[in-house]
Amino acid sequence: MIVYTSTPSQDTGNGGPSEGLGERMHRLVRNLIAGASAAIIFPALCLAQFGSVAGVVRDSTGAILPDVTIEAVSPDVLEGARTAVSDASGQYRIEQLRAGTYSVTFTKTGFNTVREQGIEISAGFAAPVNASLTLGAVQQTITVEAHAPVVDVQNTAEEKTLVKEELDALPTARSFATLGTTMPSVSANQYDVGGTQGERGNVLSAHGGSGYDMTLSVDGNPISNIGAATASGQAWSTFSLNDAGVREMQYETSGISAEASSGGVRVNAIPQEGGNTFHGTVFANYSNSSMEASNLTSTEKSQGLLRTPGFNLLHDESVGFGGPIKKDRVWFWYAQRYRENDIIDVSTYYSINPLSPLFNPNLAQPGHSGGFDGDNQLRVTTQLTPRNKVSFSFDKVNKCNCPTIVDSPVLTAESQSRLTYPSVWVASISWQAIINPKLLWDFAVSYNKQDDQFTPLASGVTATSPISLLDVNGVHELRAPTPGVFTGGEYQNQAYIREGLSYVTGGHDIKVGMNYHWGHRSNPTYETSNDVSYTTFNGVPLSATLYDAPYVEKQDIKADMGVYAQDKWTLRRLTLNLGIRWDYFNSGIPAQTTPADIWLPARSFAAVPNVPNWNDIDPRIGAAYDLFGNHKTAIKASVSRYVSSNIYAFGNNINPISAGGGNTLTRAVL
């Protein structure tokens, strides 16, 4: 796999000879805190949310049989039966099947009917189902109840799908990242034992790749964040997945098709849709500190270690319920989840005297991190006509990373902030149409809003007092949050469109399509510490750093789009996956203004377009070979070119309102 990264090298933040000690130390602290938050807080286009059935039909002598009608039916899906006809080579293919258990029936005049039952279809999986029909003067139906385990011998993507039964059976947390690490080659950016880390900053990578290229989607619609707090690309998402609304989880780790731009781990949650009968699901777990073992011995205590990492509380409850609004026509599914975790910090403490210029931790009062996630979602699916199905969904999230957002030895509780999310929701519409048995159309549009806001943790912290201190003897932030560090927020809205047209014959699955993404981001930085902080040594001032606040950074994602064409071409045991994709990314910085503050007058900045403006052509070539012809052993290989997803924060490098540290000034105290 060849990964193309179009982001140029950036300033390492080491500072130059013209910087004073205070500015270098503040830059170091900001980098340390940003690194810690990226690992703990911040983790976030199109994925195959459908499966397929394909195979060859022969007669009892082994000769190919054209013009056989094949019908796939599942009680788990609303659209009813899907049909295809075998071509001149005896091959057939039924694409765009929702996850479920299917029966596949083969019918031809003059031959006995064959029905294969218990065919499990999951997202991205091409189930191989062959049939042998015998001549029969009297029409008979031969039913095969048991279907032997097989592997996908056509798709070259490396993927794993966890169905609902597996999700329920795994004795682990319900986060997508914890579930993802059950697969070979996949690793997470943080250790999450039993869900103690919660839905914070989860990022997955595979085969040594970058976690920043991960994409998180629901029903193929990305829910990524375009924030600038970290250079996290599509990997970070404000949304917390609700397992009660998920039918199965799909993970792709390599050999990604031309439908997607980047080559990182691609996580797709396939949603529940309801059914013709009312049914539901309930899940709950609970744990507290009394259920946790400790390996803290007297040896560690004598060396100054007071406690080991642990948690105070952990619980997760979810419930889902759905059924028919009108049988065989309109289904619904409602899901609710609430999860809370409370972690006892080992590095962050409240101060005995919160206004002291010296580090004076109250070792009996550690900070607490963690938070809660609440999710409510509703999905309605309707079969408008026998050939047109439409789904509507709405998901509202209420969450908080609190009391503190990160356990860091640099920070005291008084210099910490809590992270709240005042408005997080996503609405989407998808439409699947069967134009004819060979021509299929898939369309979806989604709009989401992801806002977050930092507020000081300690009471009594205002915009003008107390003044923040950085004591370099031990490197500790004291008294109040440092201006510009966890003192603002991010407000963003974005929209996604995907569209695909498939032409399916027995030996070919040709697809052309596009995905288009645009959005807007505003990052306010609020005034705190009276726009000044001091660098001290044992309480003695060394320098003062002046800050320009409040101000708001803005960025527009004008176009993050791709147009692709691909073909899955089956030649006996060999299947070629051939694709080509054009990627285009354009963002810009709109005109901006800042109000007057205590140091500077009001300022205006002209718009900066095309930062950046990139075009890429990315081929995708793969092959899968059914080694023994029994669908149980496949050899797969792929060579692909991708673009990096780590691009949304690129415009920050030249944003005139903040680039180059232009909103800070450090001078030594004489």
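Between Q117 and N653, what is 0.36 nm times their sequence separation minus the Cα-Cα distance? Round to one decimal in nm. Please report the intermediate quantities before stating the final value.
Numbers: separation 536, 0.36 × 536 = 192.96 nm, distance 5.77 nm.
Stretched fully, the Q117-N653 segment lengthens by 187.2 nm.
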Practice task
Provide the packing ranking of 317-327, 440-450, i.e. peptides ordered by the mean count of other C-beta atoms within 10 Å per residue, highest first.
Solution key: 440-450, 317-327
Problem - Within straight-line cross-link reach of K636, aspartates and glutamates at Cα separation under 13 Å, skipping those fewer than 8 residues along the same chain - result: D152, E158, E159, D626
Exercise for the section: Order the peptides 352-365, 535-548 from the highest to the lowest mean number of other Cβ atoms within 10 Å of their residues. Expected result: 535-548, 352-365
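How much length is gained if the chain between V346 and I435 is pulled fully straight, taking 0.36 nm per residue apart and subtracting their Cα-Cα distance, in nm to one decimal?
Numbers: separation 89, 0.36 × 89 = 32.04 nm, distance 6.06 nm.
The span from V346 to I435 would gain 26.0 nm if fully extended.
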Problem - Label zone at N285, where the point sits 7 Å out along the Cα-to-Cβ direction: the range 187-208 residues whose backbone N lies under 14 Å - result: 192-199
Fill in the blank from the handout: Taking the alpha-carbon centre of each part, the distance from the range 252-283 to the range 501-547 in Å is 26
Fill in the blank from the handout: The long-range amide H neighbours of N362, using H built 1.01 Å from N in the peptide plane and a cut-off of under 5 Å, are Y350, S351, I352
Practice task
Whole Å is fine, so just give me how far the alpha carbon centre of the range 79-134 lies from that of the range 359-403.
Solution key: 39
Completion exercise
Counting Lys and Arg as +1 and Asp and Glu as -1 over every other residue whose Cβ sits under 12 Å from the Cβ of E527, the net charge comes to -3
Problem - Selection of chymotrypsin sites (Phe, Trp or Tyr not before Pro), the range 160-254, meeting DSSP coil and at most 12 other Cβ within 10 Å - result: Y191
Problem - Spacing of the two label points (7 Å from each Cα toward its C-beta) at S356 and I64, in nm - result: 8.5
Problem - Relative packing of 74-81, 377-384, which averages over residues the other C-beta atoms within 10 Å, highest first - result: 377-384, 74-81
Handout entry: For the chain, share of DSSP beta bridges that run antiparallel, in % to the nearest 5
Key = 90
Handout entry: Anchor K438: aspartates and glutamates whose Cα lies under 13 Å away (excluding residues fewer than 8 positions away in-chain)
Key = D87, E95, D509
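Once you've got the Cα coordinates, tell me which of K160/K326; K396/K568; K399/K511; K327/K396; K389/K632; K164/K449 are over 30 Å apart. Each step should come with its number before you reach the end.
On the way: K160/K326 34 Å; K396/K568 38 Å; K399/K511 39 Å; K327/K396 27 Å; K389/K632 34 Å; K164/K449 28 Å.
Result: K160/K326; K396/K568; K399/K511; K389/K632 exceed 30 Å.
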Practice task
Please name which of F239, A72, W582 has its Cα lying farthest along the dipole of the chain towards the positive end, using unit charges on Cβ (Lys, Arg +1; Asp, Glu -1) and the Cα centre as origin.
Solution key: A72
Fill in the blank from the handout: Relative contact order as a percentage, the range 421-485, C-alpha pairs under 8 Å and 6+ apart, gives 26
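As an exercise, use a Förster radius of 60 Å and the Cβ-Cβ distance of V540 and L571 to find the FRET efficiency, rounded to the nearest 0.05.
Details: r = 78 Å, r/R0 = 1.31.
Efficiency, rounded to the nearest 0.05: 0.15.
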Fill in the blank from the handout: Here the chain gives, from Cα atoms, an Rg and Dmax in Å of 28.2, 106
Practice task
Give the carbon-plus-sulfur fraction of the accessible surface of the chain in %, rounded to a whole number; probe 1.4 Å, heavy atoms of protein chains only.
Solution key: 60
Practice task
At q = 0.22, 0.31 Å⁻¹, what is the base-10 log of I(q)/I(0) for the range 550-591 according to the Debye formula with one equal point scatterer per Cα and no solvent? Please give it to two decimals.
Solution key: -0.79, -1.00
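Let me know the charge dipole size of the chain about its Cα centre in debye, to the nearest 20, where only the beta-carbon of Lys, Arg (+1) and Asp, Glu (-1) is charged.
Using only the charged Cβ atoms, the result is roughly 920 debye.
The values are calculated or read from the model by the stated rules, or taken from the named source; none is laboratory data. Just so it is clear, the model here is predicted, and its values are computed rather than measured. With ideal geometry, Cβ positions are generated from the backbone for all residues, glycine too; neighbour counts draw on all protein chains shown. In case anyone asks, the SASA skips ligands and DNA or RNA and just uses the protein heavy atoms, side chains included. Shrake-Rupley method; radii C 1.70, N 1.55, O 1.52, S 1.80 Å.
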